[in-house]
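> Quick one: the structure is below, questions incoming.
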Amino acid sequence: MTSRPEAEQETTPSAVSPAQDQTVKGTNTRKVFVRTYGCQMNVYDSERMTDVLAPEGFEATDDMEDADLVILNTCHIREKAAEKVYSELGRIRKVKQERARHGKDMMVGVAGCVAQAEGEEISRRAPIVDLVVGPQSYHQLPGLLSKVRNGNKVVETEFDIDAKFDHLSARAERPVMKRPPAAFLTVQEGCDKFCTFCVVPYTRGAEVSRSVEQIVAEAERMAAGGVREVTLLGQNVNAYHGEAKDGSIWGLGRLLRRLADIDGLDRLRYTTSHPRDMDDDLILAHRDLKSLMPYLHLPVQSGSDKILKSMNRRHTRDEYFRLIDRIREAAPDIALSGDFIVGFPDETDQDFADTMDLIRRVEYGSAFSFKYSQRPGTPGATMDNQVPEDVKSARLAELQALISGQQKAFNASRRGMVCDVLLEKKGRNPGQIVGKSPWLQPVQLDAAEDLIGSIQAVEIVEIGSNSLFGQLIAGQDDHANPGLPRLRSKGDVI
Ligand code: 5AD
Ligand code: SF4
């Protein structure tokens, strides 16, 4: 099985937990249930939606039947994701009918990239939907909901990212209540790369970067609210080019260096990056910043020059190898992750063999992999020589077996290491806490609940299929312990 770190799973059907939001409790409290599909960007957007709704008297619930408002925050990247939304809407219709029998109303909204791509088609196909709101418009939710209450069906899919970011920044001026120890922060949205398989440039629009000032202010508020680890998000995050106060334009490396100065923010990550935008400053940030975690998600999609070209990836396999060498020189213990697509049009056995060869040469700590899916409106959808489904399936299985072996080897290489673990939440069993290693692996250990939110030195004692098992190093307190480095000896690296 291919590894699928948590937030990249195809669906992440978790409601935003009440602990994560900033609600205004009053006698007239209404409940909102948000279900999130797709990438981390959507997880972030879902949190922001509950922020926007809090002053309207909405409180988050994880029980759909209890909800006055249900929002599906959708993903359009692969076909099945949209289909899942439609079948979920079928289930919601029954919940709505049941509530109606008890005299209770329920509004239904579809947000995210399916909303952007399908627009009115959604309420045509699923008439229970009252509101369709694109990813650049959800800051307008309060106004849109009042239109719904006046009996209108509402579709809002304008692209005005600047307006959204301004609005959200103003919202976030309110004091931050308790946040989970690891959180996302969107710094950039949209993409100008136009890979020929991908809908993102059409659903999320052109690249827009938030200003340095906005991002620093949001990160400071997060740190003040107890966040220890921030993952900077963007569809093409390392293309970040945000304006600083003095009018200069900062790249992601410079932004990370600034964020590393914020008190209490001990861990920084960013995702997802494009090889073409991996500049020297960003690479050297991995060498220079202790708080920049040794993990990099750098999708390559294919190892064949012919396919890379027809995917419009704008680099060759050799350029990718050279880039990986430079990254490893700067940060020898970095765990590399990637995305792969098998069965892109005209992918021959030899092209696929080139991809397998690339994977063997790079050695990944984990990776996501997908069968190519024809997305309407993208150039790939109408290319000749589409690859038959059974060939795609066979290639995917072969590739996933290779990645799975590499992931196991990488995990096994952590055995016996002592590393810093951010303790994030309770585990399944009593007394168990789940945290995260510097290399983004889940680590399970026995620890007191009040240690959640702290960073502890942990010895990795056992390796499971999806997580590591660790033991607290007795007497070592929070991360402030400078005497205990994250182990970064070259010999321990993959
Ligand atoms: N078919 C299959 N996989 C896709 N991805 C994006 N578009 C498609 C598609 N049409 C994958 C890419 C990308 C990841 C987020 O999803 O690997 O990096
Ligand atoms: Fe899509 Fe990423 Fe390519 Fe942009 S860089 S078009 S988001 S795959």
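> If Thr272 meets every condition in (1) of a type in the set (Val, Ile, Thr); (2) more than 16 Å from ligand 1 (Cβ to nearest atom); (3) open to solvent by 20 Å² or more (accessible area, probe 1.4 Å) apart from one, which number is that one?
(2)
> Report, by residue number, each residue of segment 302-344 that is farther than 29 Å from Arg414 by Cβ and basic (Lys, Arg).
The answer is Lys306, Lys309, Arg313, Arg314.
> Quickly run through segment 107-127 and pick out the residues that are within 29 Å of the chain's Cα centre (by Cα) and not in a helix (DSSP H, G or I).
Answer for segment 107-127, where residues must be within 29 Å of the chain's Cα centre (by Cα) and not in a helix (DSSP H, G or I): Met107, Val108, Gly109, Val110, Ala111, Gly119, Glu120, Ala126.
> I'd like the full set of residues that are under 15 Å from Asp420 (Cα atoms), open to solvent by 70 Å² or more (accessible area, probe 1.4 Å) and at pLDDT below 95, limited to segment 444-494.
Ala474, Gly475, Asp477, Ala480, Pro482, Pro485, Arg488
> Filter segment 360-375 down to the residues that are within 15 Å of ligand 2 (Cβ to nearest atom) and within 19 Å of Leu296 (Cβ to Cβ) and list them by number.
Matches in segment 360-375: Ala367, Phe368, Ser369.
> It is to be established whether one or more residues within segment 194-209 are open to solvent by 10 Å² or more (accessible area, probe 1.4 Å) and assigned to a strand (DSSP E or B).
For segment 194-209, residues open to solvent by 10 Å² or more (accessible area, probe 1.4 Å) and assigned to a strand (DSSP E or B): present.
> Name the single residue, out of those in segment 439-450 being of a type outside the set (A, V, I, L, M, F, W, C) and under 17 Å from the mean Cα position of the chain (by Cα), that is nearest to Ala409 (Cα to Cα). Quick ask: steps written out before the conclusion?
Kept after step one, since they are of a type outside the set (A, V, I, L, M, F, W, C), are these residues of segment 439-450: 441-442, 444, 446, 449-450.
Filter again for under 17 Å from the mean Cα position of the chain (by Cα), leaving 441-442.
Numbers: Gln441: 13, Pro442: 16 Å.
Applying the filter and picking the extreme gives Gln441.
Rundown of residues vs (1) in contact with a strand residue (DSSP E or B) (Cβ under 7 Å, 6 or more places away or on another chain); (2) more than 16 Å from ligand 1 (Cβ to nearest atom); (3) open to solvent by less than 10 Å² (accessible area, probe 1.4 Å); (4) free of Cβ contacts under 8 Å to residues at least 12 places away in the same chain, yes/no style:
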site	(1), (2), (3), (4)
Pro332	no, yes, no, no
Val342	yes, no, yes, no
Ala353	no, yes, no, yes
Glu363	no, yes, no, no
Phe370	yes, no, no, no
Thr378	no, no, yes, no
Thr382	no, no, no, yes
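> Here's something else I'd like to know. Residues being within 23 Å of Pro201 (Cα to Cα) and part of a helix (DSSP H, G or I): count how many of those fall in segment 59-85. Even if it seems obvious, please write down each step before you answer.
First, the residues of segment 59-85 that are within 23 Å of Pro201 (Cα to Cα): 72-85.
Those still in the list that are part of a helix (DSSP H, G or I) too: 79-85.
Selection size over segment 59-85: 7.
> Please go through segment 279-309 and pick out each residue that is surrounded by 21 or more Cβ atoms within 10 Å (Cβ to Cβ) and within 16 Å of ligand 1 (Cβ to nearest atom).
Hits for segment 279-309 are Leu296, His297, Leu298, Val300, Gln301, Ser302, Gly303, Ser304, Ile307, Leu308.
> Right, another one. Considering only segment 69-87, state which residues are more than 18 Å from Gly119 (Cβ to Cβ) and open to solvent by less than 10 Å² (accessible area, probe 1.4 Å). Working first, answer last.
Restricting attention to segment 69-87, the residues satisfying the condition of being more than 18 Å from Gly119 (Cβ to Cβ) are 69-70, 78, 80, 84, 87.
Within segment 69-87, Leu69, Val70 qualify.
> Which of the following residues is more than 15 Å from ligand 2 (Cβ to nearest atom) and not aromatic (Phe, Trp, Tyr): Arg204, Arg276, Arg254?
Only one candidate passes the filter, namely Arg254.
> Would you mind stating whether Arg35 is assigned to a helix (DSSP H, G or I) and either within 16 Å of the chain's Cα centre (by Cα) or farther than 19 Å from Val133 by Cα (or both)? Walk me through how you get there before you give the answer.
Values: assigned to a helix (DSSP H, G or I): no; either within 16 Å of the chain's Cα centre (by Cα) or farther than 19 Å from Val133 by Cα (or both): yes.
No.
> Right, here's the next one. Among the residues of segment 393-410, write down those that are over 12 Å from Tyr364 (Cβ atoms) and open to solvent by less than 40 Å² (accessible area, probe 1.4 Å).
Arg395, Leu396
> Let me ask another. Determine whether segment 95-108 contains at least one residue that is among the charged types (D, E, K, R), away from ligand 1 (no atom under 16 Å from the Cβ) and under 30 Å from Val237 (Cα atoms).
no
> Check segment 270-290 and report whether any residue there is within 30 Å of Ser454 (Cα to Cα), small (Gly, Ala, Ser), over 17 Å from the mean Cα position of the chain (by Cα) and at pLDDT 95 or above.
yes
> If you take the residues in segment 246-269 that are crowded, with 21+ Cβ neighbours inside 10 Å and more than 16 Å from Val208 (Cα to Cα), which one is nearest to ligand 1 (Cβ to nearest atom)? Talk me through it step by step, then tell me what you get.
Here is the first cut: in segment 246-269, the residues crowded, with 21+ Cβ neighbours inside 10 Å are 252-253, 255-256, 259, 266-269.
Remaining after also requiring more than 16 Å from Val208 (Cα to Cα): 253, 256, 259, 266-269.
Details: Gly253: 22, Leu256: 22, Leu259: 24, Asp266: 28, Arg267: 23, Leu268: 21, Arg269: 17 Å.
Only one residue fits best here, namely Arg269.
The values are calculated or read from the model by the stated rules, or taken from the named source; none is laboratory data. Remember, it's a predicted structure, so these values are computed and weren't measured experimentally. All Cβ positions, even for glycine, are placed from backbone atoms using ideal geometry, and neighbour counts span all protein chains on display. Heads up: the accessible areas ignore ligands, DNA and RNA and are worked out on the full protein's heavy atoms, side chains in. Shrake-Rupley method; radii C 1.70, N 1.55, O 1.52, S 1.80 Å.
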